[in-house]
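One structure is given below, encoded as structure tokens.
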Amino acid sequence: MKPAAFAYRAPENVEEALALLEANHGAKLLAGGQSLVPVLNFRLASPPLLVDLNRIGGLVGIREEPDGTLAIGAMTRHRAVEKSALVRRANPLLWTAMPHIAHAQIRNRGTIGGSLAHADPAAELPAVCLACDAELVIQSRRGTRRVATTDFFVGFFSTALDPAEVLLAVRFPAWPAERRAGFVEVSRRHGDFAIVGVALTVDLKGGRCQRARIALFGAEDSPRLVNSDVLLDRPLEPRLFAEAARTIAADANPRADHHAAAEYRRELIEVLTHRALEQTIAT
């Protein structure tokens, strides 16, 4: 199939893009197009206008701020993040997850902001943002606001973005010296969306866990942080990993679909959580 007819505009700046969104109810933003174009072709969406963000240079870039925050513009390509030496140093979890996103050809075109705004429950980036306590910078004609990742993903393919807003950037707080991380996923083939995945960070002090953020993706209707209190104030060791994995799997509410049964996903949650925790002491 081919998409229904639509108008097309390619603004030069964010303000022009926002004006177009406000003046055209139902308009859609075009970033990398890796998710939107198939949706248009199947006529699952028929917007009257596409607002192409690719000419807005200010939405592209990776930088480290003086306080150690890693800021990535919404129109930055996946491939740029994957190949960035700065990302590898400043956020090892994000750098580790990038090659798991689709295939190289898709990463060449897909954007960080497009993936986060699409909010596929099986996508890697939303879970990484949750595990790293990232925040999203969003602009409308009323001004700019920042939204914690925990408040951004609100349901199945749903976010806190209003139709007349543009996602500007994602900001990752500075990576603590004693932080450890893990990332594991299972998919039918390399490059497919995950059936279940786990992204986590563990902050240590004196060898004991002071803070943990464990995010599941692919398992439920949206990525989410799970309760990780079982790890707090305890040394990282295999016995603890097994206990934490069982607890997290028991508390999960995995969905069933044509990819996997709920009980299979629950088993994967336990196994993958254990493996991701093992990565925290592997280096």
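List, please: which pairs have Cβ atoms under 6 Å, are six or more places apart or on different chains, and start with a residue in region 255-283 that is without any contact (Cβ under 8 Å) to a residue 12 or more places away in the chain and end with one that is crowded, with 18+ Cβ neighbours inside 10 Å?
Sorted first by the residue in region 255-283, then by its partner, the pairs are 262/254.
Out of the residues in region 18-36 that are free of Cβ contacts under 8 Å to residues at least 40 places away in the same chain and part of a helix (DSSP H, G or I), which is least open to solvent (accessible area, probe 1.4 Å)?
20
In region 160-197, what residues are under 18 Å from residue 228 (Cβ atoms) and either assigned to a loop (DSSP other than H, G, I, E, B) or open to solvent by less than 50 Å² (accessible area, probe 1.4 Å) (or both)? Give the derivation first.
Here is the first cut: in region 160-197, the ones under 18 Å from residue 228 (Cβ atoms) are 173, 176, 178-184, 196-197.
Residues satisfying the conditions are 173, 176, 178, 179, 181, 182, 183, 184, 196, 197.
Could you please let me know if residue 239 is open to solvent by 40 Å² or more (accessible area, probe 1.4 Å), more than 13 Å from residue 130 (Cβ to Cβ) and of a type outside the set (Ser, Thr, Tyr)? Before you say what the answer is, go through the steps one by one.
Numbers: open to solvent by 40 Å² or more (accessible area, probe 1.4 Å): yes; more than 13 Å from residue 130 (Cβ to Cβ): yes; of a type outside the set (Ser, Thr, Tyr): yes.
Spelling it out, residue 239 is indeed open to solvent by 40 Å² or more (accessible area, probe 1.4 Å), more than 13 Å from residue 130 (Cβ to Cβ) and of a type outside the set (Ser, Thr, Tyr).
Just one of the numbered conditions (1) touching a strand residue (DSSP E or B) at 6+ places or on another chain (Cβ under 7 Å); (2) under 21 Å from residue 120 (Cβ atoms) is not true of residue 43; which one?
(1)
Report those strands (runs of 3 or more DSSP E) wholly inside region 41-128 carrying at least 3 residues which are more than 30 Å from residue 25 (Cβ to Cβ), modelled with pLDDT of 95 or more and touching a helix residue (DSSP H, G or I) at 6+ places or on another chain (Cβ under 9 Å). Before you say what the answer is, go through the steps one by one.
Working: elements: 49-52, 62-64, 70-73.
Those strands (runs of 3 or more DSSP E) span 62-64.
I'd like the residue in region 138-156 that is touching a residue at least 40 places away in the same chain (Cβ under 8 Å) and either part of a strand (DSSP E or B) or touching a helix residue (DSSP H, G or I) at 6+ places or on another chain (Cβ under 8 Å) (or both) and, out of all such residues, is most open to solvent (accessible area, probe 1.4 Å). Before the answer, list the steps.
Taking region 138-156 and keeping what is touching a residue at least 40 places away in the same chain (Cβ under 8 Å), we get 139-141, 150, 153-156.
Checking which are either part of a strand (DSSP E or B) or touching a helix residue (DSSP H, G or I) at 6+ places or on another chain (Cβ under 8 Å) (or both) leaves us with 139-141, 150, 153-155.
Values: 139: 33, 140: 10, 141: 144, 150: 72, 153: 20, 154: 93, 155: 17 Å².
Of everything passing the filter in region 138-156, 141 is most open to solvent (accessible area, probe 1.4 Å).
Checking the condition open to solvent by 10 Å² or more (accessible area, probe 1.4 Å) and within 13 Å of the chain's Cα centre (by Cα), which residue from 225, 200 passes? I'd like the intermediate steps shown before the answer.
On the way: 200 fails: open to solvent by 10 Å² or more (accessible area, probe 1.4 Å).
Of the residues listed, the single one that is open to solvent by 10 Å² or more (accessible area, probe 1.4 Å) and within 13 Å of the chain's Cα centre (by Cα) is 225.
Any chance you could count how many residues in region 102-120 are farther than 12 Å from residue 75 by Cβ and surrounded by fewer than 21 Cβ atoms within 10 Å (Cβ to Cβ)?
Total meeting the criteria: 8.
Of the residues 45, 80, only one is more than 20 Å from the chain's Cα centre (by Cα), without any contact (Cβ under 8 Å) to a residue 40 or more places away in the chain and open to solvent by 10 Å² or more (accessible area, probe 1.4 Å); which?
Working: 80 fails: more than 20 Å from the chain's Cα centre (by Cα).
Selected residue: 45, the only one of 45, 80 that is more than 20 Å from the chain's Cα centre (by Cα), without any contact (Cβ under 8 Å) to a residue 40 or more places away in the chain and open to solvent by 10 Å² or more (accessible area, probe 1.4 Å).
Can you find even one residue in region 140-158 that is of a type in the set (Gly, Ala, Ser) and closer than 20 Å to residue 62 by Cα?
Within region 140-158, the subset of a type in the set (Gly, Ala, Ser) is 140, 143, 148, 155, 158.
If we keep only those that are closer than 20 Å to residue 62 by Cα as well, we get 148.
The answer is yes, given that some residue of region 140-158 is of a type in the set (Gly, Ala, Ser) and closer than 20 Å to residue 62 by Cα.
The values are calculated or read from the model by the stated rules, or taken from the named source; none is laboratory data. All values reported here derive from a predicted model rather than from experimental measurement. Cβ atoms come from the backbone with ideal geometry, glycine included; neighbour counts cover every protein chain shown. Surface accessibility is based on the protein's heavy atoms, side chains included, excluding ligands, DNA and RNA. Shrake-Rupley method; radii C 1.70, N 1.55, O 1.52, S 1.80 Å.
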